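Input: a single structure, listed below in structure tokens.
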Amino acid sequence: MRRFALLPLAAALALPALALPSAALARDHGTAKAAAEMNEIAATLQDPAVQDDMAATVTGFVDALMAMKVGPLARLAGRFDPKSDLADADPDATVADLMKRRDRKSLARLDGDVRAGTGAMGDMTAMMAAMLPALDTMTRDMEARWKERKQRD
């Protein structure tokens, strides 16, 4: 199951997407202040202790999910595809049991992937903070162009 491989990527993309409104708000609150706040977030995310906490939290959630019993559901799915490896699933199988049958390394990689993903979120946030002055200038330029076009019409 490669879905867990996407977890760090999803996490890394989430924070910058949330940070984008900062560029628009920078005009109201000051670009320097917004960049400073983003740099604080970046420093927090780049802190190994925060990365450890994030990894522990995600690992805890995943461990709870992995312990969920899905044997009967897996066997039912196996009826639709008798050639599937789910057809002979143990009735007491958990998500972890089924996952181990497909990819034994995913869970072992999760902890390190979350740490790396958290650090990447910090890196991306710092890069967004560095881009704020340019984004602010672009926003002002786009607003001026919009007003010019509206006046022409």
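Here are some notes:
- Neighbourhood net charge (11 Å Cβ-Cβ; Lys/Arg +1, Asp/Glu -1) for Asp52: -2
- Per-pair calculated FRET efficiency, R0 = 30 Å: Glu40 and Ala116 via Cβ, rounded to 0.05: 0.90
- FRET efficiency, Met131 to Val50 (Cβ-Cβ, R0 30 Å, nearest 0.05): 0.85
- Segment Thr57-Lys69, extension gain: residue separation times 0.36 nm, minus the distance between their alpha carbons: 2.2 nm
- Of the trypsin sites (Lys or Arg not before Pro) found in segment 63-153, those in coil by DSSP whose Cβ has at most 11 other Cβ atoms within 10 Å are Lys83, Arg104, Lys105.
- Applied to segment 57-67, the Karplus parametrisation 6.51 cos²θ - 1.76 cosθ + 1.60 on θ = phi - 60° returns per-residue 3J(HN,Hα) values of 5, 5, 4, x, 4, 5, 4, 5, 5, 5, 7 Hz, with x for Gly and Pro.
Just so you know, all these numbers are worked out from the coordinates, no wet-lab data involved. The structure presented is a predicted model; accordingly, all values stated were derived computationally and were not measured. Every residue, glycine among them, receives a Cβ derived from its backbone with ideal geometry; neighbour counts consider all protein chains shown.
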